[in-house]
Amino acid sequence: MVLGGFTCSKNAFCSLNIVYMLVGLLLIGVAAWGKGFGIVSSIHIIGGVIAVGFFLLLISIVGLIGALKHHQVMLFFYMVILFLVFIFQFGVSCSCLAINLEQQVKLLNTSWGLMSKDTRLDLETKLNCCGLLNTTANQEQFAMDVQLCNADCKSAAHCYTCGDMMLQHSSQALRILGGVGLFFSFSEILGVWLAARYRNQKDPRANPSAFL
């Protein structure tokens, strides 16, 4: 019965860490998609999501090794770091979900203004769009950007603005990242509890005189 309880905790702990590995890869993948596509590079919170995914992937590997070896020190640091990851991930996920359209537009305008002319032209060519946003506030800048634009759509009847395309995809990326991160952040509390429980269990197959 003792062996069954120990083995059950070990298997559950290993399975949970495999899930954490998949979640970490998912967070990194979605954030890299948004950043690599040139969509949400101006939203610095994406870098925080990538950091969360990386640390979650790293700590899940540590958890798997600690579970297989029933290593006391590794399991202790696993609990501490996973709790810190939970706090950071919870905050980042809430920030992703809390950013509204107006804040995204402000961030995009700030980022667009900091870009060099060559960077803007490369982004317009990559996304096949011209200018950022055609609003009364930046009418002069928009007209200048459209005049210099080299995107293929310029020869067609109509070009979408880069701001509209970036806002559409950034909203999708932020919703996915925020939802996935928030949902799985609560499971990390379960991971901390399961690690503490497994750490305090005695392996019935081990030497009774060994330190556990």
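Just to check your reading of the model, which residue among E124, E188 is within 30 Å of M74 (Cβ to Cβ), among the acidic types (D, E) and touching a helix residue (DSSP H, G or I) at 6+ places or on another chain (Cβ under 8 Å)?
Only one candidate passes the filter, namely E188.
Based on what the data block shows, is V62 surrounded by 23 or more Cβ atoms within 10 Å (Cβ to Cβ) and either modelled with pLDDT of 85 or more or touching a Gly at 6+ places or on another chain (Cβ under 6 Å) (or both)? No: the conditions fail for V62. Within segment 65-88, being touching an Asp or Glu at 6+ places or on another chain (Cβ under 7 Å) and of a type outside the set (A, V, I, L, M) holds for H70, F86. Taken as a whole, the structure places F142 among residues that are in contact with a Leu (Cβ under 8 Å, 6 or more places away or on another chain) and among the aromatic types (F, W, Y). Of the helices (runs of 4 or more DSSP H) lying entirely inside segment 66-175, the ones with 2 or more residues being buried (at least 19 other Cβ atoms within 10 Å of the Cβ) and touching a residue at least 24 places away in the same chain (Cβ under 8 Å) are found at 72-98, 101-114, 117-127. Out of L26, L22, one residue alone is surrounded by fewer than 20 Cβ atoms within 10 Å (Cβ to Cβ), under 27 Å from Q172 (Cα atoms) and at pLDDT 85 or above. It is L22.
The values are calculated or read from the model by the stated rules, or taken from the named source; none is laboratory data. Quick caveat: nothing in here was measured; it's all calculated off a predicted structure. So basically every Cβ, Gly included, is an ideal-geometry build from the backbone, and we count neighbours across all protein chains shown.
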